[in-house]
Every structure is written in C-alpha cells, then in structure tokens.
Amino acid sequence: MRYATIVLGGENVQISPILNRFVGSDAVRIDSTRHIGPIEDGQHVVLVDLQGDLSTAEDLLADSSNVVRYDVTGTNGRGVAYLRCRSIGLIGDLLSILYAHDIVLDWPIHHAETPAGRRYRFTVIGTESGIQRAMAQVPDEISIELEKIGPYGTRPDQREAVLTDRQSDLLELAVEEGYYEVPRETTHRALAEELGLSVGTVSDRLQRIERRLVLAATD
C-alpha cells in the first residue's frame, strides 16, 4: 500500500461550482475542502474551511442557485461552511476516477492561490499501479504534479501527529510559496499578507512549527 501527495492546477481551472462563487472575492476565500459526500437525488454535502469575512461568504452562498442549504460558523475571520449542493462539478469526476481504481482520498484538499493560478494539494492512498492509472486519467486541461510517493504507514504524513491544523495550514502555504527554497522565494511579510496576520505572528508560528518538527524527528 502506498500514499501519494498530488498537486492539481491549471489556468482558470475550478474543481467545483462552489469555488467559483469565491473567485475574485478579496473578502473571503476557501482554504480547504474537508469532505464531500453524496446524498439523495444526486446532491452532495460539502464541508469547507473559510478565511476572511464570513458574512460575505454567507452572501455568496445565498446567491448561488447550486446551493440548496448552507450553514456558516466561526469567529475571528476563520470558519467552516456546511453546504448541500445540487452539483459538485469537476471534482465529482476526479473522485470517480479515484474510486474506480480503489483509491482512498485522505481529506482535506488544500487550496492555494499562486502566480500560476489556483492549486489543489491532497494525499491519496492505494496501490502504486492504481495511483498511476488514476493520474493518467486526469483530464489534459488540468496540470498534475506527483509531489511525493512512498509506503503508507499509520499516517502518510507524520507531521500531522505533532502540528495543529492551523500550523499545518501555515507550513503548507510556506512550502507552496517557496519559503524553504534556496534562495527563498517568499518572505514572512508576504505570508502574513496572504493570511491576514502580522509579520511577527507568522515568524513566531513558523519558529514553533520548526521546533516541533525537529523535536519529533529526534525523539
């Protein structure tokens, strides 16, 4: 059994109609999709993490003909939205490809906005041949990058055992934006602006993240 961390992207690619509601909004964005599950009449329930003005998120969802019902909860600019949707769009096709090859999606799907467009990062679990066959069936208009692959243990990413969800989100953004590249491709200030935090807060959190990971690796 293997795990693979995959990044999908492409110019103007949106994997779900729900995400389209948030495109172009400077007030609120979707950070990750926690889960999508089918229910009756071809509809789906969706759980997403939000960052920004939650009242704007409610307005965007209320104005969507695709959303049957929704509930948004959270504080201090971070929240979760529960949605019941008529259609989930391209992501439904991608999930069908995974299921056809007996592959398990290890939620969540992380979202990031980059200069090259929006990117979706997630981990799957299955046989290596099944993962390769599934990747080969991803539509040509979607770019696909195999970030890493390896034997699956109790968890595909051991950092999840030592980091909080918020720390994991910051670390993934830092990696995606090139903070750990040599030379660095981003700064504390750029990450802080992306997250709506102070530079000092980002610096402090990254130091705490790095310390936890180092201690876990040497334990």
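Some points to look at:
- Charged side chains reduced to their Cβ positions (Lys and Arg at +1, Asp and Glu at -1) give region 1-51 a dipole of some 180 debye around its Cα centre.
- Packing here is the average count of other Cβ atoms within 10 Å per residue, and on that basis the peptides 98-105, 138-145, 84-91, highest first, run 84-91, 98-105, 138-145.
- Whole-Hz ³J(HN,Hα) from phi, Karplus 6.51 cos²θ - 1.76 cosθ + 1.60, for region 54-71, glycine and proline x: 5, 5, 5, 4, 4, 4, 5, 6, 5, 8, 9, 6, 7, 8, 7, 8, 8, 8
- Evaluated with a Cβ-only charge set (Lys, Arg +1; Asp, Glu -1), the chain carries a dipole of roughly 460 debye about its Cα centre, given to the nearest 20.
- As computed over the chain, the Cα convex hull volume per residue (Å³): 137 Å³
- Inter-part distance where region 1-77 and region 169-219 are each reduced to a Cα centre, Å: 25 Å
- Förster-model FRET efficiency, 30 Å R0, residue 210 and residue 137, C-beta, rounded to 0.05: 0.20
- Remark on residue 143: its backbone amide H falls under 5 Å from those of 9, 10, a criterion applied only to residues 5 or more positions apart or on other chains, H modelled at 1.01 Å from N.
- Per-residue SASA entry for residue 135, accessible area with 1.4 Å probe, Å² rounded to 10: 40 Å²
- Selection from 175, 192, 206 lying farthest towards where the dipole of region 170-219 points positive, charges on Cβ: 206
The values are calculated or read from the model by the stated rules, or taken from the named source; none is laboratory data. Predicted model only: the values in this text are computed from it and were never measured. Glycine also receives a Cβ, built like all others from the backbone with ideal geometry; neighbour counts cover every protein chain displayed. Keep in mind that these areas ignore ligands, DNA and RNA; they rest on the heavy atoms of the full protein, side chains included. Shrake-Rupley method; radii C 1.70, N 1.55, O 1.52, S 1.80 Å.
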